Amino acid sequence: MSPNNHQRARMTVLMIASKRRRGIWGLALALASCGLAQAAEPVSADSSDKGYSYFLGLGQESLKYEETSGLLPVKSSARATSALLIGGAVYVVDKDWLFSVDNATTFNPATSQETWTATSATINGVVLSSGLLQTDSFNLSQSTTKLLVHGRLKDHWFGIAGPSFHTQTFRRFSFASGPDHVVNTPASTTVDESSSEILFNSGVVLESEQLRGQPTHYGMRAILSLPVWRRLQNTAEPQVAFNAAKGWDFSLEGRYSWAVHDRLQVGAWGRWQLSRRERQIVGGSFEMPANRLDGLGYGLELLWKL
């Protein structure tokens with residue numbers, strides 16, 4: 001594949017993103033206010049009633065994706081909203097240590113539109129009459145599993161650390177060229193891209209711990225994640241494997257619930273997250289552009305302690 005053909009193929013390949021952030025800040029502030037008021041409560045040495053499991057029964061995630069090429073003056077932008085399923089559990093090891101397992105997975109990913117635009121008046125010597133280079137339809141699905149150890153810092157505050165495993169797959173199709181026809185990807189073309197990552201997570205958690213027998217439950221997490229291993233492949237460049245693990249993720253997550261039974265609670269969950277990955281060039285002409293993904297997830301969940 002020539003560099004020009006490669007770049008045209010690469011213009012067919014990228015991702016997605018979020019619509020609003022105000023809701024998560026309101027939830028975060030409410031949780032922080034509640035947590036600061038209650039974090040000074042004495043921590044019981046009896047851990048038999050602590051810990052819980054949870055499942056998000058009704059939720060969605062809004063995403064905004066942007067990608068910027070370094071070899072060509074091109075960028076892409078896309079937005080999408082899809083259903084989201086989350087589930088997991090917090091287990092008590094002893095009075096000062098907890099262990100949690102969390103999973104978040106896209107369910108029935110929605111199809112949206114991605115737009116490719118020029119950041120210069122010319123591309124490969126062609127003077128452009130329009131900044132629009134190409135549009136395409138795409139859908140995105142991703143799944144993340146976190147395994148975290150919680151060590152008590154003071155009262156209901158914990159430091160956390162552990163790995164997470166993240167997979168991401170998206171498909172592009174129904175390509176349409178811009179008015180200058182600089183990119184002429186056939187409309188019947190379908191491009192699939194998939195990536196797998198292992199990340200190391202660290203952060204701070206405010207956790208009320210006990211759900212059984214309590215009128216309410218709350219929790220909030222601030223987590224910084226750094227990729228330590230990554231592999232990405234694209235059907236437009238099947239001979240190339242991108243493996244650069246440079247970038248970071250940050251998420252702020254909170255939940256608050258109310259008892260409907262001694263062992264059962266119903267509540268709200270929300271998460272605001274940022275993801276950044278640096279560009280990688282393989283063989284001098286094959287590029288995985290720098291990208292950013294912003295997301296806002298929210299919904300209603302069920303929590304229990306049997």
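The values are calculated or read from the model by the stated rules, or taken from the named source; none is laboratory data. Note that the structure is a prediction, hence the values are computed from the model and not measured. Note that each Cβ is placed from the backbone with ideal geometry, even for glycine, and that neighbours are counted across all protein chains shown.
In segment 182-212, which residues are surrounded by fewer than 21 Cβ atoms within 10 Å (Cβ to Cβ), closer than 30 Å to Ala118 by Cβ and within 28 Å of the chain's Cα centre (by Cα)?
Of everything in segment 182-212, those that are surrounded by fewer than 21 Cβ atoms within 10 Å (Cβ to Cβ), closer than 30 Å to Ala118 by Cβ and within 28 Å of the chain's Cα centre (by Cα) turn out to be Thr189, Thr190, Asp192, Ser194, Ser195.
Please go through (1) surrounded by fewer than 14 Cβ atoms within 10 Å (Cβ to Cβ); (2) touching a Phe, Trp or Tyr at 6+ places or on another chain (Cβ under 8 Å) for Ser251 and return the number of the only condition it doesn't satisfy.
Here Ser251 clears every test but (1).
Which is surrounded by 16 or more Cβ atoms within 10 Å (Cβ to Cβ), polar (S, T, N, Q) and within 17 Å of Ser137 (Cβ to Cβ), of Ser69, Ser77? Break it down into steps so the answer makes sense when it comes.
Working: Ser69 fails: within 17 Å of Ser137 (Cβ to Cβ).
After ruling out the rest, the residue left standing is Ser77.
Of everything in segment 251-276 that's of a type in the set (D, E, K, R) and touching a Lys or Arg at 6+ places or on another chain (Cβ under 7 Å), which residue is nearest to Val92 (Cα to Cα)? Write out each step before concluding.
Taking segment 251-276 as the starting set, the residues that turn out to be of a type in the set (D, E, K, R) are 253, 255, 262-263, 271, 276.
If we keep only those that are touching a Lys or Arg at 6+ places or on another chain (Cβ under 7 Å) as well, we get 253, 262-263, 276.
On the way: Glu253: 20, Asp262: 19, Arg263: 16, Arg276: 33 Å.
It comes out as Arg263.
List the residue pairs whose Cβ atoms are under 6 Å apart, where the first residue sits in segment 222-241 and is modelled with pLDDT of 95 or more and buried (at least 19 other Cβ atoms within 10 Å of the Cβ), the second is among the aliphatic types (A, V, I, L, M) and not in a strand (DSSP E or B), and the two are 6 or more positions apart or on different chains.
Pro227/Ala245; Arg230/Ala245
Would you please list the contacts, defined by Cβ atoms under 6 Å and residues six or more apart or on different chains, that run from a residue in segment 178-198 that is more than 20 Å from Val126 (Cα to Cα) to a residue that is in a loop (DSSP other than H, G, I, E, B)?
Filtered contacts from segment 178-198: Val191/Thr12; Val191/Val13; Val191/Thr235; Val191/Ala236; Asp192/Thr235; Glu193/Val13.
Identify, by number, the condition in (1) in contact with a His (Cβ under 8 Å, 6 or more places away or on another chain); (2) modelled with pLDDT of 95 or more; (3) among the polar types (S, T, N, Q) that Gln210 doesn't meet.
Every condition holds for Gln210 apart from (2).
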